[in-house]
Amino acid sequence: MRSILTTSLALSLLLSGLSSGLYAQSSQDGAITPKFLEELRRSEPTTPTEKALHNAIAVQGMRDFFVNNQRPQTIDDTFSVEVQSSGITDQKQSGRCWLFTGLNVLRAQLMTREKSGTFFFSQNYSFFWDQLEKANLFLEGIIETRKLAVDDKKVVWLFQNPIGDGGQFTGISDNLIKYGVVPAEVMPETHSSNDTKLMGKMIARTLRQSGIKIRKAAAKGESLTQLRKLKETCLKQVYRLLSLNLGVPPTSFSYTLKDKDGKAISTETYTPQSFYERFVGVDLRDQFVMLMNDPSRPFYKVYEIEYDRHAYDGKNWTYVNLPMDEIKQMAIASLKDNTMIYYSCDVGRELSSSKGIAALDNYDYASLLGYPFDMDKAERIQTFDSGSTHAMTLKAVDLDASGKPVKWKVENSWGEKSGVKGHIIMTDAWFDAYTFRLVVNKKYATQKVLDLLKTKPVQLPAWDPMFAPDAP
């Protein structure tokens with residue numbers, strides 16, 4: 001009651017002030033005027049039904065009132081084309097979806113090729129090196145921009161984004177080729193790998209502090225060699241933080257690969273690099289291409305994002321921007337060849353998490369609000385309303401008699417109890433609206449795409465709206 005009285009009093013004072021000229025600026029063109037405020041007040045609830053709705057929303061919020069109960073509550077989990085896999089991962093309270101997705105693609109290939117039982121790579125091992133490399137990338141960025149003003153947009157962006165646990169497929173390729181991989185048992189998850197918030201916060205503060213020291217030293221005329229010594233001091237601090245939280249990465253280990261019945265296939269001693277060569281064995285940078293659907297920009301062009309990489313000596317990831325129909329053709333070709341795909345989308349939009357269904361009619365906003373949300377995909381991108389937020393593993397498509405896709409299925413990394421036994425099923429219309437990028441083997445790419453890859457990419461800034469890392 002007190003808050004209602006306070007609000008009413010405040011509004012009365014505001015109206016009084018407006019009418020007496022205390023808020024003279026509000027009478028300017030474009031301001032909210034007393035006349036318009038009266039119009040707003042006339043829109044307050046008057047009917048019993050409207051008042052009941054206001055009361056209910058005040059108690060429990062709007063979410064349940066958006067649910068469209070006219071939509072089927074289940075969706076058929078049968079697919080004409082499906083890549084079989086075993087085991088569901090769980091990234092827990094971390095933004096490592098991109099890492100889980102990339103390694104899930106590779107582990108599925110390993111299990112098929114080796115005829116092994118369920119197998120998992122260590123996300124923790126790869127994450128350790130990812131964080132160290134991102135720290136080095138930030139510090140080198142600070143060195144590169146040392147002559148720019150501290151409020152220059154690029155410098156501001158660097159200090160705002162010193163490190164994070166999100167990412168994309170470029171982090172998979174650069175990381176694994178340089179550091180190799182290990183099985184999950186060799187470097188298991190820890191509390192901080194499952195819940196990265198505090199560790200990430202400490203690393204970010206460490207990097208920002210060192211970044212300022214480097215800029216001060218540069219302003220005093222210190223040499224590049226001296227600046228790099230300051231950088232190395234910081235990297236030692238970051239390495240210790242990572243070791244405390246994630247454990248020390250192994251340099252060699254013994255491992256027994258087993259078949260589906262638990263019988264040993266092989267037992268050998270490996271380094272992380274030799275394990276990669278034995279069980280992955282391909283140059284991921286040369287074999288894959290990222291396909292993007294961004295209708296806010298011209299199609300049939302190649303783009304790259306500045307600093308859109310996970311390592312200083314890595315390569316800014318490039319992508320080919322294409323209409324969705326052409327991307328689907330390559331995705332279907334890959335799935336028909338029993339090959340899963342790295343896939344990312346705006347996962348939270350129109351998703352029924354409990355049912356694992358992503359459909360455009362899951363929610364009915366217009367009936368409650370009185371107006372629809374009807375921006376198209378390009379407009380959602382341009383206004384930062386939508387973008388790629390989560391990576392998953394595309395594993396199935398259901399085709400109708402004419403060969404057109406009806407629905408799709410992804411293997412998620414939110415645990416086996418989420419969605420449809422750890423999966424999300426997406427209608428084809430939702431796929432069109434909220435899919436952003438897929439990474440396919442070049443052998444499934446069209447000749448048009450391969451030819452486009454030979455052209456010089458258009459470079460976009462690091463703060464481009466489409467390129468927040470995949471992170472939920």
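What follows draws every value from the coordinates through simple rules; no lab data is involved. Since the model is a prediction, treat every value here as computed from it, not as a measurement. Note that each Cβ is placed from the backbone with ideal geometry, even for glycine, and that neighbours are counted across all protein chains shown.
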Requested in this report: Could you pull out every one of the lysines with an alpha carbon less than 29 Å from that of K35, ignoring same-chain neighbours closer than 8 positions?
Outcome: K51
Requested in this report: Treat each spin label as a single point 7 Å out from the Cα along the C-beta direction, and report the K35 to K260 distance in nm.
Outcome: 7.7
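For Cα pairs less than 8 Å apart in space and 6+ apart in sequence, what is the mean separation divided by the residue count of the chain, i.e. the relative contact order in percent?
Details: 775 pairs, mean separation 102.9, N = 472.
Across the chain, relative contact order equals 22 percent.
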Report task. Could you calculate the FRET efficiency of T78 with K115 from 1/(1 + (r/R0)^6), where r is the beta carbon distance between them and R0 is 35 Å, rounded to 0.05? Result -> 0.85
Query raised in the report: Ranked highest first by average number of other Cβ atoms within 10 Å, how do 165-171, 349-355, 398-404 line up?
Result: 165-171, 349-355, 398-404
Query - 13 Å reach of a label modelled at K421, 7 Å along Cα-to-Cβ, counting backbone N of segment 86-130 - result: 86-88
Query - Fully extended contour minus Cα-Cα distance, from V406 to T190, at 0.36 nm per residue - result: 73.8 nm
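Kindly state, to the nearest 0.05, the FRET efficiency for W463 paired with S274, given R0 = 45 Å and r defined as their beta-carbon distance.
Computed FRET efficiency for W463 and S274: 0.70.
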Query - Straight-distance crosslink candidates among lysines, where the alpha carbon sits under 22 Å from K355 and sequence neighbours closer than 8 are dropped - result: K92, K395, K407, K409, K417, K421
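Give me the number: length gained by fully extending R297 to K197, i.e. 0.36 nm times residue separation minus the C-alpha to C-alpha distance, one decimal in nm.
Length difference between fully extended and current span is 32.6 nm.
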Query raised in the report: Computed from the mean reciprocal separation of all distinct C-alpha pairs, what Kirkwood hydrodynamic radius does the chain have, in Å?
Result: 25.3
Report summary line: quick shape note, segment 213-346: Cα extents on principal axes in Å, largest first -> 60, 52, 26
**Report entry** Nearest-ten-degree value, helix 324-336 long axis tilted from longest Cα axis of the chain
**Finding:** 40
**Report entry** Virtual spin-label span in nm between K443 and R285, 7 Å along Cα→Cβ
**Finding:** 2.2
Query - Entries of K115/K178; K301/K448; K134/K328; K328/K404 with Cα pairs more than 21 Å apart - result: K115/K178; K134/K328
Query raised in the report: Taking a spot 7 Å from the Cα of N69 along the direction of its beta carbon, which residues of segment 314-354 have an amide N less than 11 Å from it?
Result: none
Requested in this report: May I ask for the distance between the Cα centers of segment 256-323 and segment 165-206, given as a whole number of Å?
Outcome: 15
Query raised in the report: So what's the angle, to the nearest 10 degrees on a 0 to 90 scale, between helix 169-179 and the longest Cα principal axis of the chain?
Result: 30
